[in-house]
1. Being in a helix (DSSP H, G or I) and either in contact with a Cys (Cβ under 8 Å, 6 or more places away or on another chain) or surrounded by 11 or more Cβ atoms within 10 Å (Cβ to Cβ) (or both) narrows it down to one of Ala54, Ala49, so name that one.
2. Does Lys36 satisfy the criteria of being charged (D, E, K, R), modelled with pLDDT under 80 and outside any helix (DSSP H, G or I)?
3. Can you name the residue in region 5-35 that is over 15 Å from the mean Cα position of the chain (by Cα) and of a type in the set (D, E, K, R) and is also nearest to Ala49 (Cα to Cα) among such residues?
4. Using the structure shown, decide if Asp61 is among the acidic types (Asp, Glu), in a helix (DSSP H, G or I) and under 11 Å from the mean Cα position of the chain (by Cα).
5. Kindly list, by first and then second residue, each pair from a residue in region 4-23 that is in contact (Cβ under 8 Å) with a residue 12 or more places away in the chain to a residue that is part of a helix (DSSP H, G or I) and not charged (D, E, K, R), limited to pairs with Cβ atoms under 9 Å and residues at least 6 apart or on different chains.
6. Scan region 1-11 and give yes if some residue there is touching a Lys or Arg at 6+ places or on another chain (Cβ under 9 Å) and surrounded by fewer than 10 Cβ atoms within 10 Å (Cβ to Cβ), otherwise no.
Amino acid sequence: MNKPLSTRMGELFAHVQDLIDTMIHTAIKRVDENDKLDKRTGKIVGFIARIGDAYFNKYKDIKSDDSK
């Protein structure tokens with residue numbers, strides 16, 4: 001715990017952001033996998049889920065490139 005308060009707070013915010021991103025991604029996946037949706041709603045949710053997947057995959061790639 002020799003890190004300055006500002007560094008610890010920045011790391012805390014990064015963990016909170018990651019948690020929120022994971023929760024949103026999980027929620028999108030669960031709604032997309034729901035078979036009880038009607039055809040039109042299912043298409044819309046599927047479209048949004050694909051956008052979310054593309055976003056999270058690209059975000060993960062960018063963050064992994066930044067950490068090198």
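The values are calculated or read from the model by the stated rules, or taken from the named source; none is laboratory data. Values in this document were obtained by computation on a predicted structure and should not be read as measured data. Quick reminder, even Gly has a Cβ in these numbers, built from the backbone with ideal geometry, and neighbours come from all protein chains shown.
1. Working: Ala54 fails: either in contact with a Cys (Cβ under 8 Å, 6 or more places away or on another chain) or surrounded by 11 or more Cβ atoms within 10 Å (Cβ to Cβ) (or both).
Only one candidate qualifies: Ala49.
2. Details: charged (D, E, K, R): yes; modelled with pLDDT under 80: yes; outside any helix (DSSP H, G or I): yes.
Taking the combined requirement at face value, the residue satisfies it.
3. Step by step, filter region 5-35, then rank; the result is Glu33.
4. So Asp61 does not fit the description; no.
5. Within 9 Å, the pairs are Asp21/Phe56; Asp21/Tyr59.
6. Going through region 1-11, the residues touching a Lys or Arg at 6+ places or on another chain (Cβ under 9 Å) turn out to be 1, 11.
Applying the additional criterion that residues be surrounded by fewer than 10 Cβ atoms within 10 Å (Cβ to Cβ) yields 1.
Yes; the residues of region 1-11 include at least one that is touching a Lys or Arg at 6+ places or on another chain (Cβ under 9 Å) and surrounded by fewer than 10 Cβ atoms within 10 Å (Cβ to Cβ).
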